[in-house]
Structure formats: structure tokens, C-alpha cells
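The structure appears right after this line, and notes come after that.
The values are calculated or read from the model by the stated rules, or taken from the named source; none is laboratory data. Being a predicted model, the structure only gives us computed values, none of them experimental. We place every Cβ from the backbone using ideal geometry, glycine too, and count neighbours over all the protein chains shown. What goes into the accessible areas is simple: the full protein's heavy atoms, side chains included, and nothing from ligands, DNA or RNA. Shrake-Rupley method; radii C 1.70, N 1.55, O 1.52, S 1.80 Å.
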Amino acid sequence: MEINHILRQLAVAAWVVAAILAGGLAAFAGARFIAHSLARGDVTSYADDLLVRAVTIASEMDKSLDEANQSTAIPCSVEDISKLRQIAFTRRFVKDVGRLIAGKLACSSFLGTLPVPIVEKAPDLITGTGRKLWVSVALQLGVGINAMVVEAGNSNVVVDPAAFLDLERPPFRYSIAIIDLSHRRVLRSWGKRLVSDETLIAGDASFENANELVSARCSAAYSICGVAVLDRSEAISRQLPFIYGFIGFGGVAGGFLAIMATFMLRRQKPLLTRLVEALKSEELAVVYQPIVELNTGRMMSAEALVRWTDRKGNVIAPDIFVSAAEEAGVAGQITACALRKVTSEAGRFLRDNPDVRITVNMVAADLGDTQFYAELDRCVRTAGISASQIGLELTERSTAALDIAVPAIARLRNLGHRVYLDDFGTGYSSLSNLQDLNVDTIKIDRAFTSTVGTASVKVSLVPQILDMANALNLGVVVEGIETKEQLDYFAAVRPPCSGQGWFISPPLEPADLMIFHKKHRMASMID
């Protein structure tokens, strides 16, 4: 009996040991997988951080060059050099701003006036906008100092060679690449060559090879990529404490599975991936902000505003998801979604009220997109409404390319749609451009509305905008009416204009919009 008991005990012990070993091996394998997953996420996150910094630097360069080229001072005069120094001082990543005379560097914010103007060698790259770029130029700032130089017009800027030092994260390796798509080549401004030129020319990429984890994140706006690489061995070494700890729980399979499930569930998909899924499943919603005739209070139209609450209940601001969609080239899908929502939700309301119009916001990409016009026509015909009942709103920024915007606006108006120029006054449209665009209505930006009753210098521009609109026979919609004082001011304007804002009504669900329209069909909101 004693021998049998001992044998049973040994069998149990062997089983327990086998289970612990099996659990330990499973945990080790699982821990390696998790370590790699975490490392992949870290590599992608690092590449994102690098790209954000690179885009920030590119934007600073553009602004600095634009400001320098706008100087009206005599080149290299005391006043001009003072202006250059002011520009350099207010920029984080610009070390020097130079002035060129006859194509030669004659002075700069750091060097002052040069005794002998400097002629640079041929640039490494000339961009589509005419900017000249040298990846590494030996500077006069000090011996052995090289930096990127960008030239436009009669100005150039020197980019801080240490612009990425604070983002260095050993053992990660990184590089910043400038993509010359016209010649299918890659210039590296910071760091060494980490991936092939073909990979970067193709755009965003995340992959693994036998020895490395790689992520490349690229900006279409600036043709810049941030590349991050981590050796596989380092990915494991960085997680050794985690791996050892995880093996300690190897015998507890349930705990291991629970940790795996928690890890997988907590992984947040990228914003763009969630947005594409939301568009496919029609998760985006539309609310409607009434637009009323200010001197009578009669509701004339409403603006359709797209809203997004993701599956976890997070409210994503429109400026965030629309910007992400524009960067990825899918913003047109948001316009199409809004058109479908408006004509399905409010189709009957529009059929019953043929004098009411609902406006939908467009993006620049829609102007030349044949699919947009096809979807617009399909939605109008399916809803059985007049084309005049669907207005289209364009921001000033989206009409910057007049060769595209002018014929597109003409096409929309010929189809029967009214076209609105949104956020008017934000700086893109000159008077001549406004005449060329030939829109029906301008929407005065809330930045001007908010100045009514204040001492802001912008308030003096409001009458000028109204007079210009009247001279061009344009309708006017005032955005952002938040107070009675603002309402009274614009209600007194002649000829009458329309307006929208929270003082009149917040954005409404379709059923509430119908109630609002019924109450304000003839009612006056003016005391």
C-alpha cells in the first residue's frame, strides 16, 4: 500500500511538473509574442512622433520663408536684418534666416552682412512649388556644422541640425526622408538609410524582416517620411522582466489567457481605421443647425453637420476626423455619407417644404471627383426633391486652386444647386477671386460675428464685407450668433441677411428640426 501511495504521489508530482513546464513553455511563447506586439506598437508610435516633428519643421520653414519674402525693407539693410532676426527668434527649429541678392547669400540673421556673398552649389532637390533644398550644407556658423538649407524667392532658412536630438530613443534607430516622387528618389536629412527607397516611395509601411521591426509613416502634404527601426533582439531584451514575470504565471492558463484578452481588447485601432469602418457601417450621424432670416426669424434653411461617436462612446471632434480623412484621401466618403443621410432622413421634410434648403459641407477633393457628382445626382433623384434644395458649402481654403474650383462651382450651379463660400474672411479669397468663383452666398466667419459689441479692430471690417456682398449681389449668412446683441446688429442690416448660431438654435435631430421649422415658418425672432 505504501509503495502504491508513493507511486501515486510521484505520478501526481510528475503531472504537476509536466503541467508547470507546459504552462511555462506556453507562457514563454505567449510572452515573446506579446513582447513583439508591444515592440511593433512602440516602433509605429515612434515613427508617428518623428513624422509629426518633421511636418512641424516643414511648416515652420514655409512660414519663415513666406514672412522673409514679404519683407519690404531694402535687402540686407538694418531694418531687413532685424526682421530676419525676429523671424529666426520666434521659430523653434530655424537657426538662421538669410537674404539673397542676385542669387547669392548676402546677409543673415546670425551672420549679419557678409563681406563676400556666398554662392551655393546646385540644390539637391527643387520641389514642385519651386523651393530649393540642400540636405547638408557646411555652415558659416561654426567649423564642422552642417545643416539643411531651404531657399525660396530671395530668402533661405537653416534648419536646426539638432532638431531631432530630443526624440532619440536608443535602442531605436531613426531617419527622416524627403521623397522626390518626380525622380523616384529619396533624400535623407536626418539619420542613415534604414529601408529601401522603393519602400518609402510607396508610402506608409510597417513590416518585419529577419532581424528588425520597421515602421515608416509618411505625409502626402510635404512628401516627408519618418522611419523607425528596432532590432528583434532589442525588442526581446527590453521586455525581459516582463517575460520572466509572465513565465512565473505559466501554470495558470486562465490568467495567461485573461492577460492576452485584456491586451488585445485594449489595443486601440488607429483613428483612420476606425473612421473607415464607421463610414462603411454608416456610424456617422448628421445634425441640423437652422438658418433663419434675421429680420423676420423665418427658417430658410439648415446646415447639415456631421458628428461621430465611436463604438466605445468616444465623441470625435469633426476637425480631427475630417483632417485625418483629408490627409488619407477619403474625405469625399464623408461628403457622400452626409448626402445620403440628409436625403434619407430629411427627404420627406424637403418634399413637403420645397422652399427649404439643407446645405452640406464639401471638401476640396470633391470638386474634381466624378463620383461625388454621381452620388449627388443619385441622392437628389432618389429623394424626389429639387436640386435647389441641396446647397453645397466650400471653405475658402478648398477654393485656393481656382482652375479647379471655378468650373466645379459653375457645374454645381448649372445643376441647380446653390453654392456657399464658408468661413469667409479667413484669408484665402481676394475680391477678384470672389468674383471669379461666382458663388451664390458667403458665410461670414464667427470670428467677425464675435467682435460685435467689442473694441476689436475686426468689427470695422463687418460693414465692408456686407457692402462687398451687396455690390456682388451675394447672399449673406452670418455664422456663430451667440448673443442677442449680435442678432440685433445683423437683423438691422439691409438688405436682410440670414444667420445661424446657438442663440438661435443648437444643432438639432431631424425630428426637432421639423418642429423648429413649424414654429419659425412665419414667426419673428426680433423683439
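Quick one: compute the contact order of the stretch 113-172, relative version, from alpha carbon pairs under 8 angstrom and 6+ residues apart, as a percent. Walk me through the intermediate numbers first.
Details: 62 pairs, mean separation 11.5, N = 60.
Across the stretch 113-172, relative contact order equals 19 percent.
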TODO: Report, ordered by chain and residue number, the lysines lying within cross-link reach of LYS519, taken as a straight Cα distance under 22 Å and ignoring same-chain residues fewer than 8 apart.
DONE: LYS484
TODO: Using a 1.4 Å probe and ignoring any ligands, DNA or RNA, find the accessible area of LYS132 and quote it in Å² to the nearest 10.
DONE: 80 Å²
Open item on the list: Considering only C-alpha atoms, what is the centroid distance from the stretch 179-199 to the stretch 57-124, in Å?
Closed with: 28 Å
Open item on the list: Rg/Rh for the stretch 149-200 to two decimals, with Rh computed the Kirkwood way over all alpha-carbon pairs.
Closed with: 1.04
TODO: Report the calculated FRET efficiency for SER386 and ARG521 (r = Cβ-Cβ distance, R0 = 22 Å), to the nearest 0.05.
DONE: 0.75
TODO: Enumerate the lysines that LYS280 could reach by cross-link, defined here as Cα to Cα under 20 Å, with residues fewer than 8 away along the same chain left out.
DONE: LYS269, LYS312, LYS341
Open item on the list: How much length would be gained if the chain were fully extended between VAL135 and PHE207, taking 0.36 nm per residue of separation minus their Cα-Cα distance, in nm to one decimal?
Closed with: 23.2 nm
Open item on the list: Over the Cα atoms, compute the radius of gyration (one decimal) and Dmax (the largest Cα-Cα distance, rounded to a whole number) for the stretch 270-368, in Å.
Closed with: 14.9, 47
Task: Extension gain, ALA410 back to ALA221 (0.36 nm per residue minus Cα-Cα distance, nm) - done: 65.3 nm
TODO: State the dimensionless ratio Rg/Rh of the stretch 316-374 (Rg: radius of gyration of Cα atoms; Rh: Kirkwood radius).
DONE: 1.04
- [ ] Using Cα positions and a limit of under 26 Å, work out the lysines in reach of LYS104, with same-chain residues fewer than 8 apart set aside.
- [x] LYS63, LYS83, LYS95, LYS121, LYS132
Task: Fully extended contour minus Cα-Cα distance, from GLN86 to GLU277, at 0.36 nm per residue - done: 64.1 nm
Task: In nm, spacing of pseudo-spin labels at THR56 and LYS312 (7 Å Cα→C-beta vector) - done: 2.4 nm
Task: Estimated inter-spin distance, ASN473 and ASP403, nm [label 7 Å along Cα→Cβ] - done: 3.0 nm
TODO: Report ³J(HN,Hα) in whole Hz for each residue of the stretch 59-64, in order, from the Karplus equation J = 6.51 cos²θ - 1.76 cosθ + 1.60 where θ = phi - 60°; Gly and Pro get x.
DONE: 5, 4, 4, 4, 5, 5
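Would you mind working out the accessible area per residue for the stretch 58-217, using a 1.4 Å probe, and quoting it in Å²?
Here the per-residue accessible area is 52 Å².
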Task: Per-residue ³J(HN,Hα) for the stretch 149-165, Karplus 6.51 cos²θ - 1.76 cosθ + 1.60, θ = phi - 60°, Hz, x for Gly and Pro - done: 10, 10, 10, 8, x, 10, 9, 9, 10, 10, 8, 4, x, 9, 4, 10, 4
- [ ] Hey, can you find the accessible area per residue of the stretch 295-400 for me, probe 1.4 Å, expressed in square angstrom?
- [x] 42 Å²
Task: HN-Hα J in Hz across the stretch 388-394 - Karplus 6.51, -1.76, 1.60, θ = phi - 60°, x for Gly and Pro - done: 5, 8, 10, x, 10, 10, 10
Task: Exposure of ARG413 as accessible area (Å², to 10), given a probe of 1.4 Å and all protein chains - done: 80 Å²
- [ ] Whole number please: convex hull volume per residue, Cα atoms of the stretch 370-430, in Å³.
- [x] 81 Å³
TODO: Name the residues whose placed amide hydrogens come within less than 5 Å of the amide hydrogen of VAL286, ignoring near sequence neighbours (fewer than 5 apart) on the same chain.
DONE: ARG307
Task: TYR489 - accessible surface, heavy atoms, 1.4 Å probe, Å² rounded to 10 - done: 80 Å²
